[in-house]
1. Taking segment 197-220, which residues are charged (D, E, K, R), modelled with pLDDT of 90 or more and within 25 Å of Asp153 (Cβ to Cβ)?
2. Could you count how many residues in segment 65-97 are in a helix (DSSP H, G or I) and surrounded by fewer than 21 Cβ atoms within 10 Å (Cβ to Cβ)?
3. So which residues in segment 106-152 are among the charged types (D, E, K, R), surrounded by 14 or more Cβ atoms within 10 Å (Cβ to Cβ) and either part of a strand (DSSP E or B) or at pLDDT 50 or above (or both), if there are any at all?
4. Of all the residues that make up segment 31-51, how many are modelled with pLDDT of 80 or more and crowded, with 20+ Cβ neighbours inside 10 Å?
5. Return the total of residues in segment 182-215 being outside any helix (DSSP H, G or I) and surrounded by fewer than 17 Cβ atoms within 10 Å (Cβ to Cβ).
6. Report yes if Gln17 is of a type outside the set (Asp, Glu), at pLDDT 80 or above and assigned to a helix (DSSP H, G or I), otherwise no.
7. Take the conditions of a type outside the set (A, V, I, L, M), surrounded by fewer than 21 Cβ atoms within 10 Å (Cβ to Cβ) and either on the phi < 0 side of the Ramachandran plot or modelled with pLDDT under 80 (or both) and apply them to Arg275. Does it pass?
Amino acid sequence: MTGADATSGQRVSRIQQTQALAEHALESLAEQLKQGNSERLTAFLSAAARFHRYSFSNLMLIVSQRPDATRVAGFHAWKQLGRSVRKGEKGIAIIAPMRIKAKDTQDASIRGKHERQKNDSAKSVMRFKVAYVFDISQTDGEPLPDLGRVGGDPGAMLERLEAGVMSAGIRLGESEVIDADGISKGGEIELRAGLEPAERFSVLVHEFAHELLHHQKLGQQADEPRPPKIVRETEAEAVAFAVCETVGLESNGAAADYIRLYQGDDETLAKSLDRIRLAVSRVLQILDSSVAPEIDSKTSVVTTDEVLSRRSERMR
């Protein structure tokens, strides 16, 4: 085996080990829920808000390796922000995509015109690597701006959320006669008149999550069946909980029974969590000028389906 082959084999082995960590994290979460313990899932939802630009698999990796992480960045990114990773700190492994130049065939003289054109058009290819990020607690240096905290009043964020909902093509109205605090009708959200700003914010996030996940089918195939009502309500409540916690508001969903997301099926759980992550990310992007995003996010294109597929093959 050549040195290059050995290096390539080591790289693949590290990726496989890191992928196995993500799979184990999902299995562990499912086992906790099976035993009636929802603390791990609540921690996941909080992390989904803090690291909302990360993929599902990388989010599971961060939570499993460092559950208390709040802001993460790579070694050099921290340097650019005026902070340095302390000596001896262990990095958090994630899977990051990288583009590399495609290698041309050495002997160009024996290639036909068609092959030359094919190689010339392949300017780069996608590969994966294990990258390492560090939590802010593992660094020293210049202080960073805190996340926006709004206490009991969402202030301008409520206006920004309402504008974002309407810009998504959803009509927003009020009613004094509806029984619930809010109703999602598919292209229309109706809120009960007279809600306090913080409650209006929380309810609107909940109903917006219904619109994104259960009417627009964010993160789902067009022909994928609609989840049961108990799952739909829990997903929407989970999104409201994660978003409100991030901006410093109490959410009606804070005490929700997240265990209902688990129905004895790891695949259903993973897909539901991924949908929640996508909806949280969409809402926080609307509030982006008030909520500081995580730093130096690395997005893996390893999908939830691929994680589950690998897990199924390993268990055969």
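The values are calculated or read from the model by the stated rules, or taken from the named source; none is laboratory data. Quick caveat: nothing in here was measured; it's all calculated off a predicted structure. Note that each Cβ is placed from the backbone with ideal geometry, even for glycine, and that neighbours are counted across all protein chains shown.
1. Scanning segment 197-220 gives Arg200, Glu207, Glu211.
2. Of all residues in segment 65-97, those in a helix (DSSP H, G or I) come to 65, 75-80.
Right, trim to surrounded by fewer than 21 Cβ atoms within 10 Å (Cβ to Cβ) and you get 65, 75-77, 79-80.
So the answer is 6.
3. If the condition is that a residue be among the charged types (D, E, K, R), surrounded by 14 or more Cβ atoms within 10 Å (Cβ to Cβ) and either part of a strand (DSSP E or B) or at pLDDT 50 or above (or both), then Lys129, Asp135 are the ones that fit.
4. Total satisfying the criteria: 7.
5. First pass over segment 182-215, keeping only residues outside any helix (DSSP H, G or I): 182-196.
If we keep only those that are surrounded by fewer than 17 Cβ atoms within 10 Å (Cβ to Cβ) as well, we get 185-188, 193-196.
Adding up the residues that qualify gives 8.
6. yes
7. no
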